[in-house]
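Reviewing the structure listed below.
The values are calculated or read from the model by the stated rules, or taken from the named source; none is laboratory data. All values reported here derive from a predicted model rather than from experimental measurement. With ideal geometry, Cβ positions are generated from the backbone for all residues, glycine too; neighbour counts draw on all protein chains shown. For accessibility, only protein heavy atoms count, side chains too; no ligands or nucleic acids. Shrake-Rupley method; radii C 1.70, N 1.55, O 1.52, S 1.80 Å.
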Amino acid sequence: MVENDRQQREAGSYASPFQVSYENTGCIQSLLKEKGLLALISFGRMEGIKEIDDSRFVNVALPELGNEPIVEVWRAPCKPETGCEGEIQYSKTDRVLFGCLQLEEARFSGMEQATYHAYRSILACQQRHGYPYLLRTWNYLPDIHREEGGLERYRAFCLGRHRILETTPYFEHHLVAATAMGTPNARMLIYFLAAGKPGFRIENPRQVSAFHYPSRYAPRSPSFSRATLKSWGTEAHLYISGTASIVGHETQHVGDPLAQLDETLDNLQALINNARSLHRLKISDLAELSLVKAYLRRGSDAASITQRLQARLGGSVPTLFLQGDICRNDLLVELEAFHAGTIMAAKTQ
Ligand code: 3EB
């Protein structure tokens, strides 16, 4: 038994199945040669991107606002199996499935239908490979604010996503963390992480669950949770959704990016407090976050936001700054985050 335990530990099945870091872009080709590379996410419009034909590679076209070009690297302790199926490219180990889908919307009658189709393909891919539970999704949508058939395209996205996800068992219980942003690309890009067993849905006591927003924000509920907590044996991951200056369901501090940032950080603090008190996640301070991604509507806010964010996070949390349209028109800043940590032992008594 003890021997078996040790073997399992050595095999890594008690530890998290991948790690994430931001690194200087350097040589993409040498990163792609790493045996344990699960996913590689680049940002901005890169030269020569068309020549990179690897199902672990994703390019998010949002321009980066920092000085150094950064890539996001996901590494597994073993060699993933990779492949392509239709418009989905994937990379998987025995514990997680990473997938990415890019879609030409012209094939569909609109955003709602394209989104429905995209998520139907994702769900089918998950089923085929045996990872039925989503843990997190990232959604980059062309012309996110444009009206189409009397409906803003972000809202049409919400409609399509809801229509397909509601066909899955216990759909509301299994809502997962998400990011939804505009992209300057012509194609919709969705990437996702899935597993064989579900994580926990985490909500934020300062915010109405997006699933219960009043219908003026979207004709069908935005189907995501504020975070997903996934325990991986002795380790745990907290995947935090794009989080903004929303209290209750209303945007706060319209027109004031720094006040929006402060409100967003208060939301993140309330969220991690909730994950700690409900699920014993060992985190109490925002400085313990592993990674933060900041989305700014206006590049001109970058200097002041960077300075304030570093002051609040203590300067030790790697942060990537991207410029893009946040899905609510009046939001100027949004933060998503990742935390790799542990669950505290239960009190004996
Ligand atoms: C919000 O809190 C801001 O529709 O998937 C953030 C993250 C937002 C994800 C989504 C929307 C989504 O409502 C918007």
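Annotations
- Qualifying residue in segment 245-261 (condition: touching a residue at least 40 places away in the same chain (Cβ under 8 Å) and under 17 Å from the mean Cα position of the chain (by Cα)): no
- Boolean, A178 is buried (at least 20 other Cβ atoms within 10 Å of the Cβ) and either hydrophobic (A, V, I, L, M, F, W, C) or free of Cβ contacts under 8 Å to residues at least 60 places away in the same chain (or both): yes
- Members of segment 314-349 found to be in a loop (DSSP other than H, G, I, E, B), within 20 Å of V71 (Cβ to Cβ) and within 16 Å of the ligand (Cβ to nearest atom), listed by number: G324
- Taken over segment 292-316, the criterion of being of a type in the set (K, R) and open to solvent by 20 Å² or more (accessible area, probe 1.4 Å) is satisfied by R297, R298, R308, R312.
- Output for segment 133-154, where each listed residue is without any contact (Cβ under 8 Å) to a residue 40 or more places away in the chain and within 30 Å of L238 (Cβ to Cβ): none
- Check on R161, closer than 18 Å to C125 by Cα and within 13 Å of the ligand (Cβ to nearest atom): yes
- Just one of the numbered conditions (1) open to solvent by less than 10 Å² (accessible area, probe 1.4 Å); (2) without any contact (Cβ under 8 Å) to a residue 60 or more places away in the chain; (3) away from the ligand (no atom under 12 Å from the Cβ) is not true of T168: (1).
- Listed here are the strands (runs of 3 or more DSSP E) enclosed by segment 25-99 that have at least 3 residues being exposed (fewer than 15 other Cβ atoms within 10 Å of the Cβ) and not aromatic (F, W, Y): 81-85.
- Selection status of V254, of a type outside the set (G, A, S) and under 21 Å from R146 (Cα atoms): yes
- When segment 212-232 is filtered for residues that are within 12 Å of the ligand (Cβ to nearest atom) and among the aliphatic types (A, V, I, L, M), the ones remaining, listed by number, are A218, A227.
- Segment 127-148 - residue that is closer than 14 Å to M181 by Cβ and outside any strand (DSSP E or B) and, of those, least open to solvent (accessible area, probe 1.4 Å): I144
- Across segment 233-252, the number of residues qualifying as more than 14 Å from the ligand (Cβ to nearest atom) and open to solvent by 30 Å² or more (accessible area, probe 1.4 Å) comes to 3.
- Meets criteria (under 16 Å from A218 (Cα atoms) and at pLDDT 95 or above) for G160: yes
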